[in-house]
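Encoded as structure tokens, here's the structure I'll be asking about.
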Amino acid sequence: MSAEELATKLSTLDISDLIFVDEATGSDDAGCGNKDKPFKSAASAVGHISSQPEAAQESLKIVIKKAGDEKYSYITPSALKKAKNAYELALKKAKKQAEREARDKEEREAKLAEEQRKLEESKKVVLTQDP
């Protein structure tokens, strides 16, 4: 596809169907995927798309501007696959972290309960002096 064909295709698309990624000036934290506030990584764009209703997901397309480029272009299939894998990995890490935090909290609570039990038990000890 030539640059002219791509430009024509981009101009006929509804801009609301495009998710923008700018590797140089985008932000994964403050970005929302529009042209004024693009994402920094394609993985964040994939995450944004996956949070949309399923019917809307099919119409959304990712356009990316690499550092040093002046124009946006469609994301390549291999880059999209890599972004999906990175997003899935981030989800797995977040899930694992949440499980670890829950387990740690449970262990702290159990340890605190055991210390309380021991404290109450030690209060029952009465020391007497031998005659």
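Answer with a single label: of (i) 0.99; (ii) 1.13; (iii) 1.93, which was calculated as Cα Rg over 2.2 N^0.38 Å from the structure in view?
Label (iii) holds the value from this structure.
May I pose another question? Could you calculate the contour length gain from Glu70 to Arg117, that is, 0.36 nm times the residue separation minus the distance between their Cα atoms, to one decimal place in nm?
Result for the pair: 10.2 nm of gain on full extension.
How large, in percent, is the carbon and sulfur part of the accessible surface of the stretch 53-96 at a probe radius of 1.4 Å?
57 percent
Strictly over 29 Å apart at the Cα level, which of Lys65/Lys96; Lys65/Lys93; Lys96/Lys118; Lys66/Lys92 would you flag in this model?
Exceeds cut-off: Lys65/Lys96; Lys96/Lys118.
Can you give the FRET efficiency to the nearest 0.05 for Lys81 and Ala55, using r as the Cβ-Cβ distance and R₀ = 22 Å?
Computed FRET efficiency for Lys81 and Ala55 comes out at 0.45.
I would also like to ask the following. Over the stretch 24-131, average the accessible area per residue using a 1.4 Å probe and give it in Å², no decimals.
I get 81 Å² per residue for this part.
Given Cα pairs under 8 Å that are at least 6 residues apart, what percent is the relative contact order of the stretch 7-131?
19 percent
The values are calculated or read from the model by the stated rules, or taken from the named source; none is laboratory data. Worth saying up front: this structure is predicted, and the values here are computed from it rather than measured. Quick reminder, even Gly has a Cβ in these numbers, built from the backbone with ideal geometry, and neighbours come from all protein chains shown. These area figures cover heavy atoms from the full protein model, side chains too; ligands, DNA and RNA do not enter into them. Shrake-Rupley method; radii C 1.70, N 1.55, O 1.52, S 1.80 Å.
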